Amino acid sequence: MTTVDQILTDIVRREGGLVDHPADPGGITNHGISLCYAKGIGLDLDGDGDTDADDIRRVTPAEAVERFREDFYLSPRIHTLPAALQPVLVDWAVNSGSAPPILALQRALNQVVATAADLFPGLEAITEDGRIGPRTRARAQAVLDQVPAAVIVNEICDARVRFYRALAGARPSQRVFLRGWLARANAFREVVR
């Protein structure tokens, strides 16, 4: 199984170095750290009291991995979920924020429980709020105790594909990124055994 460290390192490698694509609403980006994200966290790598393109130019691969780990893995508590779910969730979180993948996970868990009620007697739906709390963690473990992780992972991949297609449909300037987004989403699909 791919570890989260491998996923984060691969994200940084895939994002490459400095890019300033005119269609990217995040602005100038280095190793996956965009100016928009950097401003949101107050990243001031040059110590001049502001966050600008100069700070983005100073981002190293190691800095990017650590920011991603903190903000898209530890902070949203993805690390508290079963290990089989972590890579697909953290990869999407780095790309789109943590709420969309967590919502997709919660919907997938609710869907499995609803369609396989005989495996989950008496379980009610969990709240789909985009946050990982004790009920989401417990439900994820309960479902994975009965159903192959690939079922949930593939549902998350399906949701991610829908998310990207909707984004490209709503913002035509983003269509230039769609092929890469879909490849990234589909890279996590697993064979159900």
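Among the residues making up the stretch 1-22, those that are part of a loop (DSSP other than H, G, I, E, B) and more than 21 Å from the chain's Cα centre (by Cα) are Asp20, His21, Pro22.
Restrict the check to the stretch 28-42 and report whether at least one residue is among the charged types (D, E, K, R), at negative phi and under 18 Å from the mean Cα position of the chain (by Cα). Looking for residues that are among the charged types (D, E, K, R), at negative phi and under 18 Å from the mean Cα position of the chain (by Cα), one finds none in the stretch 28-42, hence no.
Filtering the stretch 160-193 to residues that are open to solvent by 70 Å² or more (accessible area, probe 1.4 Å) and among the aliphatic types (A, V, I, L, M) leaves Ala170, Val176, Ala187, Val191, Val192. What do you reckon, is Leu81 modelled with pLDDT under 95, over 11 Å from the mean Cα position of the chain (by Cα), surrounded by 14 or more Cβ atoms within 10 Å (Cβ to Cβ) and farther than 21 Å from Ala38 by Cβ? When the stated conditions are applied, Leu81 does not pass them.
For the stretch 84-121, taking the residues that are in contact with a Phe, Trp or Tyr (Cβ under 9 Å, 6 or more places away or on another chain) and hydroxyl-bearing (Ser, Thr, Tyr), the one that is surrounded by the fewest Cβ atoms within 10 Å (Cβ to Cβ) is identified as Ser96. In this structure, is Pro148 open to solvent by 40 Å² or more (accessible area, probe 1.4 Å) and free of Cβ contacts under 8 Å to residues at least 12 places away in the same chain? It is false that Pro148 is open to solvent by 40 Å² or more (accessible area, probe 1.4 Å) and free of Cβ contacts under 8 Å to residues at least 12 places away in the same chain.
Check the stretch 59-68 and report whether any residue there is touching a helix residue (DSSP H, G or I) at 6+ places or on another chain (Cβ under 7 Å), acidic (Asp, Glu) and surrounded by 15 or more Cβ atoms within 10 Å (Cβ to Cβ). No, every residue in the stretch 59-68 fails to be touching a helix residue (DSSP H, G or I) at 6+ places or on another chain (Cβ under 7 Å), acidic (Asp, Glu) and surrounded by 15 or more Cβ atoms within 10 Å (Cβ to Cβ).
The values are calculated or read from the model by the stated rules, or taken from the named source; none is laboratory data. This one's a predicted model, so the numbers in the text were calculated from it and none came from an experiment. Glycine also receives a Cβ, built like all others from the backbone with ideal geometry; neighbour counts cover every protein chain displayed. What goes into the accessible areas is simple: the full protein's heavy atoms, side chains included, and nothing from ligands, DNA or RNA. Shrake-Rupley method; radii C 1.70, N 1.55, O 1.52, S 1.80 Å.
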